[in-house]
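J.: Please read through the structure below; I'll follow up with questions.
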Amino acid sequence: MEIMISGIFVCLFLLIFSLILFHAFYKQQLRKKEEQIHTLKESVTDLQIKLKDKEKRKAFRVKLFEQECHFELLESGNQPLGNLKNKKGAGQINDISRTGLQISCTLDLPVRKQIFLQIYFVIDGEPFSLKGRIVRKEELINHVIYGIEFVDLHQRDQQKLHRLIQRLEIERRKNAE
């Protein structure tokens, strides 16, 4: 009987020891996988930044001359816009691409992080209403130039804008010949 009880204790000890080893092994494996996931996330983030930089360079810009636009301030990230919220303004589009545009206006906005606005314009009879984020500001003597990146752009608006930019460039090249 004592041999049987000691055998049970030995079996229990071996079982518990095996479970502890099993747990330690898989905990180590899990830690390695988490490190791999972290490394992959960092790589993805780096690649996204590189892709965004590349897209900025690849986005073909078309110069526009005296193209009127109107805009309305929507929000400013986490910071309240106060009396500027829903403020409307007008300006001129200097150039446009499928990823953003550059406008000139007399309204001098206190550029904080992530000022969003709705931009309205018509080019060649095609109306646009696009949401954008101010990414750059350049102050000149009598006006301010803003670089605006489109955000939350619907696929159909992006395609419509892309077709328009291609058509404008084709017309410019024909007129240049």
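The values are calculated or read from the model by the stated rules, or taken from the named source; none is laboratory data. Predicted model, so just to flag it, every value in this text is computed and none were measured. Neighbour counts are summed over all protein chains in view; Cβ atoms, including those assigned to glycine, are modelled from backbone coordinates with ideal geometry.
J.: Out of Glu55, Glu42, which single residue is modelled with pLDDT of 85 or more and either in a helix (DSSP H, G or I) or under 22 Å from the mean Cα position of the chain (by Cα) (or both)?
T.: Glu42
J.: I'd like the full set of residues that are crowded, with 20+ Cβ neighbours inside 10 Å and either within 14 Å of Leu168 (Cα to Cα) or aliphatic (A, V, I, L, M) (or both), limited to the stretch 99-118.
T.: Scanning the stretch 99-118 gives Leu101, Ile103, Ile115, Leu117.
J.: Right, another one. For the stretch 120-129, enumerate the residues that are loosely packed, with under 14 Cβ neighbours inside 10 Å and either at pLDDT 90 or above or in contact with a Gly (Cβ under 7 Å, 6 or more places away or on another chain) (or both).
T.: The answer is Val122, Pro127, Ser129.
J.: Among the residues in the stretch 60-74, are any of a type in the set (Asp, Glu), assigned by TED's automatic domain parsing to the domain that holds Leu164 and more than 30 Å from Arg172 (Cα to Cα)?
T.: Yes, the conditions are met somewhere in the stretch 60-74.
J.: In this structure, does Ile123 turn out to be under 17 Å from the mean Cα position of the chain (by Cα) and either outside the structural domain of Leu73 (by TED's automatic domain parsing) or in contact (Cβ under 8 Å) with a residue 12 or more places away in the chain (or both)?
T.: no
J.: Can you report the number of residues in the stretch 130-171 which are loosely packed, with under 13 Cβ neighbours inside 10 Å and either under 18 Å from Gln92 (Cβ atoms) or without any contact (Cβ under 8 Å) to a residue 12 or more places away in the chain (or both)?
T.: 13
J.: Looking for something assigned to a loop (DSSP other than H, G, I, E, B), at pLDDT below 80 and more than 16 Å from the chain's Cα centre (by Cα) - is there at least one such residue anywhere in the stretch 85-104?
T.: Within the stretch 85-104 (the criterion being assigned to a loop (DSSP other than H, G, I, E, B), at pLDDT below 80 and more than 16 Å from the chain's Cα centre (by Cα)), the answer is yes, since at least one residue qualifies.
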